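Below: one structure in structure tokens.
The values are calculated or read from the model by the stated rules, or taken from the named source; none is laboratory data. Keep in mind that what you see is a predicted model, and the values were worked out from it rather than measured. When we count neighbours, we look across all protein chains shown, and the Cβ atoms used for this are built from the backbone with ideal geometry, even at glycine.
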Amino acid sequence: MSSEEPRITLYTAGTPNGQKISCTLEELGLKYKVHKLDISKNEQKEEWFLKINPNGRIPAIVDKSTGNPILLFEGTAIQLYLCATYDPEHKISFPYNSAEYWDGLAWLTWMQSGIGPMQGQANHFYRYAPTKIDYAVNRYQTETRRLYGVLDARLAEQEKAGKGLWVVGDKYSIVDLCCFSWVNWAEWAGVETKPFAALQRWLEVIQQRPAIQKGVDVPDKFEMKEAMKTKEGEEEYAKYHSNWVMQGMKEDRDKHK
Amino acid sequence: MATRSLKLYSHAGGPNPWKVAIILNALSVPYENELMDFAVLKKEPFESINPNGRVPALEDPNTGVTVWESGACIDYLLETYDTSNKLHAKSGAQRWQEKSWAHFQTSGQGPYFGQRAWFVLYAPEPMEYCLKRYGDEIRRVIGVIDAHLKKSGKQFLCGDKATYADLMFMPWHWLLLTKPFINGEGFGKEWEEKYPVAWAWQERLEGMEAVKRAKEDRGKAMSKGH
């Protein structure tokens, strides 16, 4: 292995979307630099970072492996780029333009426009919003459960068809990884995975993967699941996260008055 | 070349199917717009086409491919029918920049403009906190586009030519600027004043044939009571 500086830099923080990319990089065995953004200080909205991601969010990557640096934002775009560039043998991806490729793309898009935002809203109203609005908590937790149900049905169907417990094709891929990144945070949104039998088994299998165990600890050790085991841990974790979320929201609001 | 018409599972009011219609129009791909009722989507036979029970979904009899999720439908159309790269770059940094913006649309514009629409149109009573949260996010998203275009000095998100990434943002704009005016009737004026570069970009895209046609078709479908 070459000892030169890694050419890929990952801009990230300890959230499902950040973990999605560190896990993908680990699965591909790629060397990468980690630049942790302090979201509680709104670092991701600083000018220098907006040049990399105009949307001011993580994850984002810069790949200087070729003459022209590639700057990318949006988790799905990043996953697709990494596989197109670094997974020629399709260890965790599908050949471009194959039936599985399009099927996989539908599920990837479904996850980033469905589970991500909806579970994210559940997180917001369940954990961060200053007043508890039951209607909103219910709406987003219910939608998260609906989406988990869709995924659970799909996994069961795949398994029944002899494809194994994977979302697309007959192997573990970035599609599973992408969905896993959020389902792994279910308890944070106040949603249970146990009622979804196939989903629960799939979740546990992926949690055992060495690349996943390494990837979720980037940029810091992943402590949410431990914190959730006690009431105090849960409250403290919630308070810390609530702080940076609400601070970020306030700054955006002030900017766009 | 498509010799047989594609089938676009669609809906009159909902913006997402019209996103795919714009791309079909721009690539001159023949298609039928199958306007669906929301009531039939979350069961068979439609669930076998889209397990998520939503529109759009696209069936191509020329290749036997069925695809769902508007972003995936569009990617499929670009790969199959944009052989002269009218709407997308084949490779390089440009290709991935286009993808970043396209994914920002499907994960960052749609779902959040959609939540505002929900709380305006369907929540049992007005919920200020929620309306404000999503109204502010609409402003933030438009602000991101405005700042980006100001900085780049280009006419479109990824350069001087309109790409599919620009076109994908359009249908949700219709819900802002025409009935049901999800961010309030005054929002068009606010947008033009506060985010003028994004406003000019939006107008540039509205003037394109493919967009005009889709908007008209949607208007007709809505007035037929679909």
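Please specify each residue of region A:198-243 satisfying the condition of being in a helix (DSSP H, G or I), polar (S, T, N, Q) and at pLDDT 90 or above.
Residues of region A:198-243 that are in a helix (DSSP H, G or I), as a first pass: A:198-207, A:210-215, A:224-227, A:231-243.
Restricting the remaining residues to those that are polar (S, T, N, Q) gives A:200, A:207, A:213, A:242-243.
Within region A:198-243, A:Gln200, A:Gln207, A:Gln213 meet the criteria.
Right, next: Could you grab the pairs with beta carbons closer than 7 Å, sequence gap of 6+ or different chains, first residue in region A:120-133 and closer than 13 Å to B:Tyr129 by Cα, second one surrounded by 20 or more Cβ atoms within 10 Å (Cβ to Cβ) and of a type in the set (A, V, I, L, M)?
Here the result reads A:Phe125/A:Ala136, each pair linking region A:120-133 to a residue that is surrounded by 20 or more Cβ atoms within 10 Å (Cβ to Cβ) and of a type in the set (A, V, I, L, M).
Now for a different question. List pairs: first residue in region A:11-29 and in contact (Cβ under 8 Å) with a residue 12 or more places away in the chain and crowded, with 24+ Cβ neighbours inside 10 Å, second residue among the small types (Gly, Ala, Ser) and not in a helix (DSSP H, G or I) anywhere in the structure, Cβ distance under 7 angstrom, at least six positions apart or on different chains.
A:Tyr11/A:Ala60
Among the residues in region A:173-195, are any within 27 Å of A:Glu89 (Cβ to Cβ), surrounded by fewer than 15 Cβ atoms within 10 Å (Cβ to Cβ), of a type outside the set (Lys, Arg) and over 18 Å from the mean Cα position of the chain (by Cα)?
There is no residue in region A:173-195 that is within 27 Å of A:Glu89 (Cβ to Cβ), surrounded by fewer than 15 Cβ atoms within 10 Å (Cβ to Cβ), of a type outside the set (Lys, Arg) and over 18 Å from the mean Cα position of the chain (by Cα).
Please work out which one of (1) closer than 30 Å to B:Ala89 by Cα; (2) within 14 Å of chain A (Cβ to nearest Cβ); (3) surrounded by fewer than 19 Cβ atoms within 10 Å (Cβ to Cβ) is the condition B:Ala165 fails and give its number.
It is condition (3) that B:Ala165 fails.
For region A:102-119, which positions are without any contact (Cβ under 8 Å) to a residue 40 or more places away in the chain and in contact with a Leu (Cβ under 6 Å, 6 or more places away or on another chain)?
Within region A:102-119, A:Gly114 is the sole residue that qualifies.
Still on this structure, I have one more. I'd like to check something: does region A:68-80 contain any residue that is more than 10 Å from chain B (Cβ to nearest Cβ) and among the charged types (D, E, K, R)?
No, because not a single residue in region A:68-80 is more than 10 Å from chain B (Cβ to nearest Cβ) and among the charged types (D, E, K, R).
Could you list, in sequence order, all residues of region B:178-197 that are surrounded by 17 or more Cβ atoms within 10 Å (Cβ to Cβ) and within 16 Å of the chain's Cα centre (by Cα)?
Within region B:178-197, B:Ile182 is the sole residue that qualifies.
Oh, and also: Counting only residues that are facing another protein chain (nearest Cβ under 10 Å) and touching a Lys or Arg at 6+ places or on another chain (Cβ under 9 Å), which one in region B:14-51 is surrounded by the fewest Cβ atoms within 10 Å (Cβ to Cβ)? Walk me through how you get there before you give the answer.
In the first step, residues of region B:14-51 are kept if they are facing another protein chain (nearest Cβ under 10 Å); the result is B:16, B:42, B:47, B:50-51.
Pick out the ones that are also touching a Lys or Arg at 6+ places or on another chain (Cβ under 9 Å) and you get B:16, B:42, B:51.
On the way: B:Asn16: 23, B:Lys42: 14, B:Pro51: 17.
Here the answer is B:Lys42.
Still on this structure: Please enumerate the residues belonging to region A:168-196 that are among the charged types (D, E, K, R) and part of a loop (DSSP other than H, G, I, E, B).
Keep residues of region A:168-196 that are among the charged types (D, E, K, R), which gives A:170-171, A:176, A:187, A:192, A:194.
Across region A:168-196, the qualifying residues are A:Asp170, A:Lys171, A:Glu192, A:Lys194.
Can we say B:Gly159 is more than 7 Å from every other protein chain (Cβ to nearest Cβ), at positive phi and touching a residue at least 60 places away in the same chain (Cβ under 8 Å)?
Numbers: more than 7 Å from every other protein chain (Cβ to nearest Cβ): yes; at positive phi: yes; touching a residue at least 60 places away in the same chain (Cβ under 8 Å): yes.
Here the answer is yes, as B:Gly159 does meet what is asked.
Mind listing whichever residues of region B:123-132 are more than 8 Å from every other protein chain (Cβ to nearest Cβ) and either surrounded by 18 or more Cβ atoms within 10 Å (Cβ to Cβ) or farther than 20 Å from B:Tyr195 by Cβ (or both)? Lay out the reasoning, then the answer.
So the first thing to find is which residues in region B:123-132 are more than 8 Å from every other protein chain (Cβ to nearest Cβ), and the list is B:125-126, B:128, B:131-132.
Result: B:Glu125, B:Pro126, B:Glu128, B:Leu131.
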